[in-house]
Amino acid sequence: MTDQQIPLHSGFGATTTATQVLAGLDLSNMTAIVTGGHSGLGLETTRALAQAGARVIVAARNPASARMQVADLDKVEVAQLDLGNLGSVQDFADTFLATGRHLDILIGSAGIMACPETRLGPGWEAQFATNHLGHYALVNRLWPALQGGARVVSVSSAGHQQSGMRWDDVHFTQGYDKWLAYGQAKTANALFAVHLDKLGRDAGVRAFSLHPGKIFTPLQRHLAQEEMIAAGWLDEKGNPADPTFKTPEQGAATQVWAASSPRLAGLGGLYCEDCDIARVDAGHPPSFVGVSPHAIDPEQAERLWALSAELTGTNAFN
């Protein structure tokens, strides 16, 4: 896998927008699902896909709020989905499958970051459960609609470099650290794409993960201003202070590129950033650039898949 993490020199970069990625592409015969497609990067992703002609289903925990956010977009539907509730995931998938439509693109954009310790369902740590397990179950439930040609895009983060999989305590029962929990969840997002691509490629399904960049969105809802000032993201007056932050339009570009670029035909299981395939970074301490080996390790990916199947009771490949 590491040998395949070689940039394509796509012609795009950190300042490319989602609309620029899709310039000249006609997605009018495609159907896409974007989780969290009404907020932050998800909204810009939905907007760009719809403007390129795709029919987009926005999967949102609060459909009423989501409909207000996408009211000005054509060919966009909203459906209820709570990734932290496996019953909700099954209901969403069953409703979509009942339409008989083929699904061409699935972008897992919804997520939470650095939240206070929260437990879901049978005591699952919320970031792992929402960011990974919910999307794992969703893809497996939607598998009949994906077969025959589709791309699944798992939105990870450079935050994956903060933590690999904590196999001895995945749910942080022995002491919670919000940033390590986030890092593990983002590692899980990348590993999920690695094994899904291995399992799905014979059915024409390819998967990618990515780092969208640093962007101010509702994802920071759990962070105090003082914490963002200490990190150098904001100045002491609360204004943006880090020039490496992207706009939401730029932040959505890499997931749109991974979902649509013809340059990625025949490829999969790769981690992307800045609208290109990322290089491997095995540095210590982490540089938060590129992908750490632990996030693209095929043995770790297979182990995570088995754990996810056990926890959710869902596996389309059994």
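The values are calculated or read from the model by the stated rules, or taken from the named source; none is laboratory data. It should be emphasised that the depicted structure is a prediction, and the values quoted were computed from it without experimental measurement. Here the Cβ positions follow ideal geometry from the backbone for every residue, glycine too, while neighbour counts run over all protein chains shown.
Contact map, region 33-45: residues that are buried (at least 24 other Cβ atoms within 10 Å of the Cβ) paired with residues that are among the acidic types (D, E), Cβ distance under 7 Å, separation 6+ or inter-chain. Pairs shown: E44/E249. For region 157-172, the tally of residues that are outside any loop (DSSP other than H, G, I, E, B) and aliphatic (A, V, I, L, M) stands at 1.
Within region 250-266, the residues that satisfy the criterion of being part of a loop (DSSP other than H, G, I, E, B) and either crowded, with 17+ Cβ neighbours inside 10 Å or modelled with pLDDT under 70 (or both) are A252, S261.
Residue selection: G290 satisfies the criterion of being small (G, A, S), touching a strand residue (DSSP E or B) at 6+ places or on another chain (Cβ under 9 Å) and at pLDDT below 95.
Listed here are the residues, each with its yes/no results for (1) among the aliphatic types (A, V, I, L, M); (2) surrounded by 19 or more Cβ atoms within 10 Å (Cβ to Cβ).
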{"site": "H132", "(1), (2)": "no, yes"}
{"site": "G148", "(1), (2)": "no, no"}
{"site": "M165", "(1), (2)": "yes, yes"}
{"site": "H171", "(1), (2)": "no, yes"}
{"site": "Y176", "(1), (2)": "no, no"}
{"site": "Q184", "(1), (2)": "no, yes"}
{"site": "N189", "(1), (2)": "no, yes"}
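Looking only at residues of region 1-21 that are among the β-branched types (V, I, T) and either within 19 Å of the chain's Cα centre (by Cα) or not in a loop (DSSP other than H, G, I, E, B) (or both), we find that the one that is surrounded by the most Cβ atoms within 10 Å (Cβ to Cβ) is V21. Residues that are closer than 25 Å to T130 by Cα and touching a helix residue (DSSP H, G or I) at 6+ places or on another chain (Cβ under 7 Å) within region 19-34 comprise A32, V34, listed in sequence order.
Contact annotation: residue pairs with Cβ atoms under 8 Å, 6 or more positions apart or on different chains, pairing a residue in region 1-25 that is under 23 Å from D197 (Cα atoms) with a partner that is of a type in the set (D, E), are M1/D297; P7/D276; L8/D276; H9/D276; S10/D276. If you go through region 218-225 one residue at a time, do you hit one that is over 25 Å from E44 (Cβ atoms) and at pLDDT 60 or above? So far as region 218-225 goes, no, none of its residues is over 25 Å from E44 (Cβ atoms) and at pLDDT 60 or above.
Listed here are the residues, each with its yes/no results for (1) of a type in the set (A, V, I, L, M, F, W, C); (2) more than 28 Å from G283 (Cβ to Cβ).
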| position | (1), (2) |
| --- | --- |
| G123 | no, yes |
| H132 | no, no |
| G148 | no, yes |
| Y176 | no, no |
| A193 | yes, no |
| K198 | no, no |
| F208 | yes, no |
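Within region 91-106, the set of residues being more than 21 Å from the chain's Cα centre (by Cα), touching a residue at least 12 places away in the same chain (Cβ under 8 Å) and assigned to a loop (DSSP other than H, G, I, E, B) comprises R101 only. For region 22-64, the set of residues classified as more than 18 Å from the chain's Cα centre (by Cα), more than 15 Å from A110 (Cβ to Cβ) and in a helix (DSSP H, G or I) consists of A50, Q51, A64, listed by residue number.
If I filter region 65-83 down to residues being under 19 Å from the mean Cα position of the chain (by Cα) and either aliphatic (A, V, I, L, M) or modelled with pLDDT under 95 (or both), which single residue comes out as farthest from L103 (Cα to Cα)? Result: A66. The set of residues in region 66-90 being within 14 Å of V139 (Cα to Cα), part of a helix (DSSP H, G or I) and either among the basic types (K, R) or in contact with a strand residue (DSSP E or B) (Cβ under 8 Å, 6 or more places away or on another chain) (or both) consists of S88 alone.
If you go through region 107-156 and keep only what is under 19 Å from A259 (Cα atoms), free of Cβ contacts under 8 Å to residues at least 60 places away in the same chain, in contact with a Gly (Cβ under 6 Å, 6 or more places away or on another chain) and not in a strand (DSSP E or B), you end up with N131, G148, G149. Flag: A309 does not match the condition of being surrounded by 14 or more Cβ atoms within 10 Å (Cβ to Cβ), at pLDDT 90 or above, in a loop (DSSP other than H, G, I, E, B) and out of contact with any Leu (no Cβ under 7 Å at 6 or more places or on another chain). Condition first: within 24 Å of A52 (Cβ to Cβ), within 13 Å of the chain's Cα centre (by Cα) and either in a strand (DSSP E or B) or at pLDDT 70 or above (or both). Can you find one or more residues in region 235-249 that meet it? No, region 235-249 contains no residue that is within 24 Å of A52 (Cβ to Cβ), within 13 Å of the chain's Cα centre (by Cα) and either in a strand (DSSP E or B) or at pLDDT 70 or above (or both).
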